[in-house]
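Here's the structure, in structure tokens; my notes come after.
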Amino acid sequence: MRVGNIYCVGRNYRLHALELGNEVPSSPMIFTKPTHALRQMNGQEIVIPKDRGEVHHELELVLKIGEGYSSGMTLEQAVDAFTLGLDLTLRDVQSQLKQKGHPWLAAKGFKGAATIGEWLPFKSAEEIEQGEFKLLRNDELAQIGQPKDMIFSCNELIRFIDEQYGLGAGDLIYTGTPAGVAALHPSDQLQCYWNGELLGSCTIK
């Protein structure tokens, strides 16, 4: 699969924004990750930095823009697949960057910072909004979210990102994480579920 840009949405679930002491945004907060951050979640190990403070898990719904994309398309026309992914974050580094007013790349763009599970065909916005995703950590529930609770819907994100930055075939959109983020530890076993179906798993190293 050819991957273009990796767009990520910050603070798109109200409770997550509040749990980190952040203001709830009035328009989508977009940042990017390099394609070198991308890793598959197919049961293998994901290596995280060990010398830069805590690394937090952030489970997210991920959209993939289809090959025939052009501006103005509906969500169903624009997106051909979806999955779950982890927006891994160096939280201590991010806190320092926020205090200095610096970009988040050092906290969000390290190798392995963007994981993706198995792709499913995108059928409709209604199907997505009625869905539920979960992260199990060592067989215990760590995060649970429903896309209907997003501050900015998938439709709104597509329009905003296209207008501000442009969208093209193979672009990925990490749509934001619900509450429950926490620091990872070596040997943690992670499993990501969409409506009870396992889409990805990995071990933290």
| message | Any residue that is in contact (Cβ under 8 Å) with a residue 24 or more places away in the chain and either assigned to a loop (DSSP other than H, G, I, E, B) or open to solvent by less than 60 Å² (accessible area, probe 1.4 Å) (or both) - is there at least one of those in the stretch 95-102? | response | no
| field | Which numbered condition Ile151 fails, given (1) in a loop (DSSP other than H, G, I, E, B); (2) under 13 Å from Val62 (Cα atoms); (3) not charged (D, E, K, R) | value | (2)
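Is one or more of the residues making up the stretch 76-90 within 27 Å of Ile46 (Cβ to Cβ), modelled with pLDDT of 95 or more and either open to solvent by 20 Å² or more (accessible area, probe 1.4 Å) or basic (Lys, Arg) (or both)?
Yes, the stretch 76-90 has at least one match.
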| Just to be sure, is Glu127 surrounded by fewer than 19 Cβ atoms within 10 Å (Cβ to Cβ) and either assigned to a strand (DSSP E or B) or of a type in the set (Gly, Ala, Ser) (or both)? | no
| field | Tabulated pairs, the stretch 140-158, first on the phi < 0 side of the Ramachandran plot, second among the charged types (D, E, K, R) and part of a helix (DSSP H, G or I), C-beta under 8 angstrom, 6+ apart or interchain | value | Gln146/Glu129; Pro147/Glu129; Lys148/Glu129; Asp149/Arg14; Ile151/Arg14; Ser153/Glu129
| Restricting the first residue to the stretch 171-190 and requiring it to be surrounded by fewer than 18 Cβ atoms within 10 Å (Cβ to Cβ), which pairs with a second residue that is of a type in the set (D, E, K, R) and in a loop (DSSP other than H, G, I, E, B) meet a Cβ separation below 9 Å and a spacing of at least six or different chains? | Ala182/Glu54; Ala183/Glu54; Pro186/Lys50; Pro186/Lys205; Ser187/Lys205; Gln189/Asp139
| Are any residues in the stretch 37-73 within 21 Å of Gly168 (Cα to Cα) and either assigned to a loop (DSSP other than H, G, I, E, B) or of a type in the set (Lys, Arg) (or both), and if so, which ones? | Arg39, Lys64, Gly66, Glu67, Gly68, Tyr69, Ser70, Ser71, Gly72, Met73
| query | Does Glu76 fit the bill of being assigned to a helix (DSSP H, G or I), in contact (Cβ under 8 Å) with a residue 24 or more places away in the chain and not hydroxyl-bearing (Ser, Thr, Tyr)? | reply | yes
| request: Evaluate the following for Phe122: is it in contact (Cβ under 8 Å) with a residue 60 or more places away in the chain, of a type in the set (Phe, Trp, Tyr) and surrounded by 15 or more Cβ atoms within 10 Å (Cβ to Cβ)? | output: no
| field | Counted residues, the stretch 46-79 - those being of a type in the set (D, E, K, R) and touching an Asp or Glu at 6+ places or on another chain (Cβ under 8 Å) | value | 6
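The values are calculated or read from the model by the stated rules, or taken from the named source; none is laboratory data. These numbers were taken from a predicted model, which means no experiment stands behind them. Every residue, glycine as well, gets a Cβ built from its backbone with ideal geometry; the counts of neighbours run over all protein chains shown. Heads up: the accessible areas ignore ligands, DNA and RNA and are worked out on the full protein's heavy atoms, side chains in. Shrake-Rupley method; radii C 1.70, N 1.55, O 1.52, S 1.80 Å.
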